[in-house]
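K.L.:
I am attaching a structure below and will ask some questions about it afterwards.
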């Protein structure tokens, strides 16, 4: 039996994939290095700017935003002050700012790509049938795998980190945008149509406003997923809190690993609660 | 003048539409076609025309295709075959822009569950049709406010629809449709989600409005009473087919077939309504205690001209009239024995309204409702008729 199975030659999937990658890297290298350099400069600029803000002011501003966003409750604001002071106290402020930049960039790119894709998906069954399996693929593929093309295209550093994070964090925004628009009650869609709305008018005046809270839930997920890629992205040289976790792991420094991990958790909680409370308004 | 003309329109949902259409041409019925092809018939070979300024009611039970039919008129649903003419123009042949122009300028729709946009204020909802037409902000606000003012809703213009009651929400829905100043109003079960009393008010308002504005109104309902009340002409639908078109009078006196007849009979609630459902609290005098002056005072308080007479065991004795009581009081009589009349008919609470209708329509005075010799209620002509009307509505709206 095995002989029959063995007589089938190995299908060259890996080789094909490599050929494609080789072709892409050699033919589009100019584009990739342009993105690499431009992205790196932009992100360094943002990080430098964040670092140049005095930590006290940064912490107070975040606390104020938290206070306003949670409708004048003190809980999140106090948590933000204590948590961010802790991170500063542990000497991880610069790493935190690097992580902030990474999360901001990958979330924004994921949202910019994700919302139009979600809209397309909600409007066309063909698009939905094509995009859905790709999203499933993106979500089930282990995050590490995205590091390989990222490195191939962009080398090491923060840009490939963002690239891998975007791929990993994109699906929820697409899915929830699609879901939100499809959930708009039929009668309201009919009302919009019956008054002679164009497709754009219907989308902007009726569908997107009604899908907003569902879409925000997806965006919240996207932000958190891109945050969870921080540690993985540090393996290809993305700076930030993830790098601290990684180096603690490599040197078996339990204490340092714990502090860096805890800082990430604090940051994640602040980001999560903030994005959620924006949705509640 | 003909405003809307529908010619042999058929709508088929599902797969195998072409083979189903052939079966329609062969006059096969809905269940046969479903069995053979798996396709569902929404509307089956419908033809009718609606005159300008007319209220045309399309009536049928759920699943009869009435909501599909009204959506064919503004092409929210595209017909599988047949043609629809608005002002002589075939809208089935129009491109998107032309169709949009028709929807923007000629017809507005009112929805069963109001179809208001929850994130927009009452005013912004009312402006919607004008907004998508690209009318400048100032002008559309002016028009929308005028429409809201007509509906008595101007004070609520900055509220969200969820802050209003159902009846008020539907007034907003109607104001939104009218703000557009369309020729044609499509009303899809517009009042069905409202409770019976509000519904009646809304029907009255619609009729008043129609006196003023003279729109062509297509009104969808499953409620025969509603159809009879507001429809100039009524089309009855069953299984996607139009069975009969005519004025309410024509349909009532000359039902086209057994289905229409049973439909009308089902709606006739007098057959199941009992006296107990329609009687009201009796206003009485006690013949053993009360004199003519007490009787007169009570009549004045309760604003009636007839009192029922009972003894202290609440046994029914007869009745006295205001004129007689006045005479007796003038004569200085101390009791009502001399003016007590006994020629009032009495009925029992478990009798059917249908059976007492004859008695009550001939009698100029109310009927006493008596159970085991005791007076339990009174039947008044007006109340009986009113309860017949409102009960029918409740029953049919729970279909």
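Just so it is clear, none of the values below were taken in a lab; they were calculated from the coordinates. For clarity, every value in this text was computed on a predicted model and none was experimentally measured. Counting neighbours? That spans all protein chains shown, and the Cβs are built from the backbone with ideal geometry, glycine included.
K.L.:
What does the average come to when, for each residue of peptide A:204-210, you count the partner chain Cβ atoms lying within 10 Å of its Cβ?
P.N.:
Mean shielding count: 3.
K.L.:
When ranked by the protection proxy of mean other Cβ atoms within 10 Å per residue, highest first, what sequence do the peptides B:316-329, A:77-90 form?
P.N.:
B:316-329, A:77-90
K.L.:
Counting DSSP beta bridges with both partners in chain B, what percentage is antiparallel, nearest 5?
P.N.:
60
K.L.:
Gaussian network model of chain B, Cα springs within a sub-10 Å range: biggest mean-square fluctuation belongs to which of B:304, B:347, B:336?
P.N.:
Ranking B:304, B:347, B:336 by mean-square fluctuation puts B:304 first.
K.L.:
Right, here's the next one. Take every DSSP beta bridge whose two residues both sit in the protein assembly as shown, then give the antiparallel share in percent to the nearest 5.
P.N.:
In the protein assembly as shown, approximately 60 percent of DSSP beta bridges are antiparallel ones.
K.L.:
Between B:125, B:113, B:257, find the one with the highest GNM mean-square fluctuation for chain B; connect C-alpha pairs within less than 10 Å.
P.N.:
Greatest mean-square fluctuation among the candidates belongs to B:257.
K.L.:
With chain B treated as a Gaussian network of Cα nodes joined by springs under 10 Å, which of B:126, B:216, B:37 yields the largest mean-square fluctuation?
P.N.:
For chain B, modelled as a Gaussian network with Cα springs under 10 Å, the answer is B:37.
K.L.:
Show me, bin by bin at 10 Å from 0, the whole-percent P(r) of the range B:275-389 based on Cα pairs.
P.N.:
15, 46, 30, 9, 1
K.L.:
With a point put 7 Å past each Cα toward its Cβ, work out how far residue B:19 is from residue B:354 in nm, to one decimal.
P.N.:
4.7
K.L.:
Could I ask something else about it? So for A:24, B:308, B:197, A:241, fewest C-beta neighbours within 10 Å to most, what's the order?
P.N.:
By the 10 Å Cβ count, ascending, the order reads B:197, A:24, B:308, A:241.
K.L.:
Out of all DSSP beta bridges with both ends in the range B:275-389, state the antiparallel percent to the nearest 5.
P.N.:
Expressed as a percentage, antiparallel bridges in the range B:275-389 total about 70.
K.L.:
How do B:137, B:11 rank when sorted from fewest to most other Cβ atoms within 10 Å of their own Cβ?
P.N.:
With the sparsest Cβ surroundings first, the list reads B:137, B:11.
K.L.:
What is the distance, in nm, between label points placed 7 Å from the Cα along the Cα-to-Cβ direction at residue B:34 and at residue B:312?
P.N.:
Computed distance between label sites residue B:34 and residue B:312 equals 6.9 nm.
K.L.:
Need the C-alpha centroid separation for the range B:335-349 versus the range A:119-147, integer Å.
P.N.:
First find each Cα centre; the distance between them is then 85 Å.
K.L.:
Arranged from highest to lowest average of other beta-carbon atoms within 10 Å per residue, in what order do the peptides A:137-149, B:41-53, A:265-277 appear?
P.N.:
B:41-53, A:265-277, A:137-149
K.L.:
Oh, and also: How would you order A:4-13, B:149-158 from highest to lowest mean count of nearby Cβ atoms within 10 Å?
P.N.:
Order by mean packing, descending: B:149-158, A:4-13.
K.L.:
Using a ≥ b ≥ c from the Cα gyration tensor of chain A (square roots of the eigenvalues), is it rounded, prolate or oblate, where a/c under 1.5 gives rounded and otherwise the larger of a/b and b/c decides, a/b for prolate?
P.N.:
oblate
K.L.:
Taking beta carbons within 10 Å but only from partner chains, what does the mean come to for residues A:185-191?
P.N.:
Mean shielding count: 6.
K.L.:
Another question, then. Which order do A:72, B:233 fall in if you start with the one that has the fewest other Cβ atoms within 10 Å?
P.N.:
Lowest count first: A:72, B:233.
K.L.:
Determine the shielding of peptide B:102-112 by partner chains: average, over its residues, the number of Cβ atoms on other chains within 10 angstrom of each Cβ.
P.N.:
Across B:102-112, the average partner-chain Cβ count within 10 Å equals 3.
K.L.:
Would you mind giving the three semi-axes, in whole Å and largest first, of the ellipsoid equivalent to chain B according to its Cα gyration tensor?
P.N.:
Each semi-axis is √(5λ); the values are 53, 28, 16 Å.
K.L.:
If the viscosity is 1.567 mPa s and the temperature 4 °C, what translational diffusion coefficient in µm²/s does Stokes-Einstein give for the protein assembly as shown when Rh comes from Kirkwood over Cα pairs?
P.N.:
Calculated translational D: 40 µm²/s.
K.L.:
Once you have a ≥ b ≥ c as the square roots of the Cα gyration tensor eigenvalues for the range B:32-129, tell me rounded if a/c is under 1.5, and otherwise prolate or oblate according to whether a/b is larger than b/c.
P.N.:
prolate
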